[in-house]
1. Specify, per residue and in Å³, the volume enclosed by the convex hull of the alpha carbon atoms belonging to the chain.
2. Using Cα pairs closer than 8 Å and at least 6 residues apart in sequence, work out the relative contact order for segment 7-133, in percent.
3. If the elastic network links every pair of Cα atoms under 10 Å, which of 52, 71, 173 fluctuates the most in the Gaussian network model of the chain?
4. How much of the DSSP beta bridge set in segment 76-197 is antiparallel, as a percent to the nearest 5?
5. Averaging sequence separations of C-alpha pairs under 8 Å and six or more residues apart, then dividing by the length of segment 90-197, give the relative contact order as a whole percent.
6. Taking R0 as 25 Å, what's the FRET efficiency between residue 184 and residue 128 from their Cβ-Cβ distance, rounded to 0.05?
7. Give 85/123; 57/101; 85/137; 85/106 a once-over and call out the pairs whose C-alpha atoms are over 26 Å from each other.
8. Kirkwood Rh, Cα Rg: Rg to Rh for segment 105-197?
Amino acid sequence: MEEEKEAVMVTPGEVLGRSSDVKAGRGAYAAPHNNTVYASLTGFRRTIPPPPDSPDKRPTVEVTGHKAHGPVPQPGSIVIVRVTKVMARSASADIMCVGSKCVREKFTGIIRQQDVRATEIDKVDMHLSFHPGDIVKALVLSLGDARAYFLSTAKNELGVVSAESIAGATMVPVSWTEMQCPVTGQIEQRKVAKAAS
């Protein structure tokens, strides 16, 4: 399209258009709840006109990376994250891997209180579920409001997969909700991921 000769830089969560006007291409996705197309990575926005014989007259909008593409979290992706901050109603985390591939740019995730586990949601204590530095396996629910992905650990196989004790040792899971320091024997509370058997 002629009007987009200037390369426009966009970042994850930036609105690229309405689903009724444009189709989501690479590096973009359509959110069904509000019919909006968002960027899913940092890069340059490009609009590609539809093929002349296409019945769908919407142009495709895509985001092409300004650097080598690593994997990008998408709703439904399983990710490995490192918890950075724990608050009363949510925990923030840096996404390190999507599936088995390490990311090459910074993606932030948020685990909300209602997404920690599937049962007794109102009794979840974030500080007894996660600590800063914990390595957590989570599911990407959606791209949230503050350019951070909403994550869930509300399945048995999701949750803390590795954590250090106060003594600095890697703890061993002893139940769904507890991990033990092999050095001191001290038990700490966590939302533990069930190991694949």
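Rule-based calculations on the coordinates, nothing more; no lab input. Please read these numbers as outputs of a predicted model, since none were measured by experiment. A quick note on method: Cβ atoms are made from the backbone with ideal geometry, for glycine too, and the neighbour counts reach across all protein chains shown.
1. 144
2. Details: 266 pairs, mean separation 23.1, N = 127.
Relative contact order for segment 7-133 comes out at 18 percent.
3. It is 52.
4. 90
5. 22
6. Working: r = 18 Å, r/R0 = 0.74.
Result of the calculation: an efficiency of 0.85.
7. In this structure, 57/101 exceed 26 Å between Cα atoms.
8. 0.98
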